[in-house]
1. Could you check, for segment 104-112, whether at least one of its residues is more than 22 Å from residue 11 (Cβ to Cβ), at pLDDT below 95 and in contact with a Phe, Trp or Tyr (Cβ under 6 Å, 6 or more places away or on another chain)?
2. What are the residues in segment 100-135 that are over 14 Å from the mean Cα position of the chain (by Cα) and part of a helix (DSSP H, G or I), if any?
3. Would you mind finding the one in 133, 149, 88, 126 that is over 27 Å from residue 58 (Cα atoms) and modelled with pLDDT of 75 or more?
4. Please enumerate the residues belonging to segment 94-146 that are closer than 21 Å to residue 52 by Cβ, of a type outside the set (Gly, Ala, Ser), free of Cβ contacts under 8 Å to residues at least 60 places away in the same chain and surrounded by 14 or more Cβ atoms within 10 Å (Cβ to Cβ).
5. Quick check on residue 157: is it touching a Pro at 6+ places or on another chain (Cβ under 6 Å) and either open to solvent by 50 Å² or more (accessible area, probe 1.4 Å) or modelled with pLDDT of 95 or more (or both)?
Amino acid sequence: MLFERHAGKMMGVCVRYAQDNMEAEDMLQDAFVKVFQYINQFKFEGSFEGWIRRIVVNTAIRHLERKKMSFKEIDDHHADLPSIDPSAFTYLGEEDLLKLISALPEGYRMVFNLSVIEGYSHDEIAQMLNIQAGTSRSQLVKARKMLQAQILQLQKIAV
């Protein structure tokens with residue numbers, strides 16, 4: 001019952017960090033194993049969903065660390081655009097935006113998700129990812145630039 005109630009929303013979190021749905025499902029399964037394993041540690045301070053979400057995010061981070069996620073410099077001209085119907089540019093919706101975010105290089109995507117979507121500070125992100133706060137800031141700036149370039153490219157195609 002607990003899984004059924006929260007899995008859909010938490011799958012959405014996993015999808016933002018994963019390269020594909022299978023990887024997201026693995027992250028989700030691992031996260032719920034941890035939820036059930038540590039449920040007795042929930043202190044009834046704050047929301048239960050927030051507690052689950054934090055476990056899901058941390059599980060996604062650990063999953064990507066095992067894959068040797070890197071925070072290297074990316075050639076900004078090498079961005080492959082996901083397929084979004086250009087005529088729908090004016091109606092760029094959540095799903096289309098998530099496609100663009102998921103196409104970001106792993107380090108950019110991770111920092112963008114943690115900062116913009118999850119609301120963590122650069123100091124918190126640095127601690128979570130074992131990087132410098134400056135690296136987090138830099139990755140976020142570059143992720144935003146890459147997203148802007150992709151959106152502008154879609155705008156040119158739509159015209």
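1. Yes; the residues of segment 104-112 include at least one that is more than 22 Å from residue 11 (Cβ to Cβ), at pLDDT below 95 and in contact with a Phe, Trp or Tyr (Cβ under 6 Å, 6 or more places away or on another chain).
2. The answer is 122, 123, 124, 126, 127, 133, 134, 135.
3. Answer to the check: 149.
4. Of everything in segment 94-146, those that are closer than 21 Å to residue 52 by Cβ, of a type outside the set (Gly, Ala, Ser), free of Cβ contacts under 8 Å to residues at least 60 places away in the same chain and surrounded by 14 or more Cβ atoms within 10 Å (Cβ to Cβ) turn out to be 114, 116, 120, 124, 125.
5. Here the answer is yes, as residue 157 does meet what is asked.
The values are calculated or read from the model by the stated rules, or taken from the named source; none is laboratory data. What you see is a predicted model, and the numbers here were worked out from it, not measured in a lab. No Cβ is skipped: glycine too gets one built from the backbone with ideal geometry, and neighbour counts run over all protein chains shown. SASA here: full protein model, heavy atoms, side chains in, ligands and nucleic acids out. Shrake-Rupley method; radii C 1.70, N 1.55, O 1.52, S 1.80 Å.
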